[in-house]
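Read the figures in this text as sums done on the coordinates, not as results from a lab. Just so we're clear, the structure is a prediction, and the values are computed from it rather than from any experiment. A quick note on method: Cβ atoms are made from the backbone with ideal geometry, for glycine too, and the neighbour counts reach across all protein chains shown.
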């Protein structure tokens, strides 16, 4: 899927955080294979899942994305035109690519990553990448509806455990706070400051787990 590689390149350029691993080489679209790799009796209950297994030499990775999501994105490419018809599928795929890229980048920097940090960064990545695409596609016109669309109408999957629900809820809350302040500080004032916005995003990307959470909540 060339699209996933382009999404990964978008994140790498956005954060100035290249990695040597191509997400396409780790892609799994067969739900039966994703289940077998996790020794589960049934396919995943989600359209996206990063699979990580510890080994003697480090770790093995796989990114499961539902084939139907990729098929729909292939028919309506968000990198050409991102809108209501493909935003949901774009966010699903981007979240998976975000998880993969952040784990491989952090490993290359000899950094550990918590599950909460991984989810928080993915929430910010979805906003930042969609914002970047929409600004380009709309010739610089600010997409005022984006924040509301990504953060005000989120619903969790019903099969999540209590711990998973708590983690996703907290990641969503922290990301919403951070992205709202990004808009207020860099985009909604009389003169937008895209260079300062980019610098803030790159600084945030490099924060450790606890510092990232603190900054998301208290950035002003």
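Run the numbers on region 2-218 and let me know its relative contact order in percent, using alpha-carbon pairs under 8 Å that are six or more apart. Walk me through the intermediate numbers first.
Working: 226 pairs, mean separation 40.1, N = 217.
Relative contact order, region 2-218: 18 percent.
Can you give the angle from 0 to 90° between the axis of helix 2-15 and the longest principal axis of the chain, with both taken from C-alpha atoms, to the nearest 10?
Computed tilt is about 50 degrees.
Once the piece of chain linking residue 202 and residue 166 is laid out straight, how much longer is it, given 0.36 nm per residue of separation minus the C-alpha distance between them? Write down the numbers at each step before the final one.
Details: separation 36, 0.36 × 36 = 12.96 nm, distance 2.66 nm.
Between residue 202 and residue 166, full extension yields 10.3 nm more.
Given contacts defined as C-alpha pairs under 8 Å and at least six residues apart, what's the relative contact order of region 101-182, whole-number percent? Don't jump to the answer; show the numbers that get you there.
On the way: 42 pairs, mean separation 32.4, N = 82.
Taking the mean separation of contacting Cα pairs over the length of region 101-182, I get 39 percent.
Which peptide among 129-137, 212-220 comes first, and what is the full order, when sorted by highest mean count of other Cβ atoms within 10 Å?
Per-residue mean Cβ counts within 10 Å order the peptides as 129-137, 212-220.
Just to be sure I understand: if I project the alpha-carbon convex hull of region 41-125 onto a plane and average over all orientations, what area do I get in nm²? The partial results should precede the final answer.
On the way: hull surface 28.3 nm².
That works out to 7.1 nm².
Compute the orientation-averaged projected area for the chain from the convex hull of its Cα atoms and round it to one decimal in nm².
Details: hull surface 49.1 nm².
Spelled out: convex hull of the Cα atoms, projected over all directions, averaged, 12.3 nm².
Note the per residue figure in Å³ for the convex hull of the C-alpha positions in region 141-201. Before the final figure, lay out the partial values.
Numbers: hull volume 5.2 nm³, N = 61.
Expressed per residue, the convex hull around the Cα atoms of region 141-201 is 86 Å³.
Output the peptides 21-30, 55-64 sorted from most to least packed, where packing is the average of other Cβ atoms within 10 Å over each peptide's residues.
Working: 21-30: 15.9, 55-64: 13.2.
So the order, starting with the most tightly packed, is 21-30, 55-64.
Just order 68-74, 168-174 by mean Cβ neighbour count inside 10 Å, highest at the front, would you?
168-174, 68-74
If each of residue 71 and residue 83 carries a label point 7 Å out from its Cα toward its Cβ, how far apart are those two points in nm?
In this crude label model, residue 71 to residue 83 measures out at 2.3 nm.
Taking the alpha-carbon centroid of each part, what is the distance from region 146-212 to region 114-132 in angstrom?
7 Å
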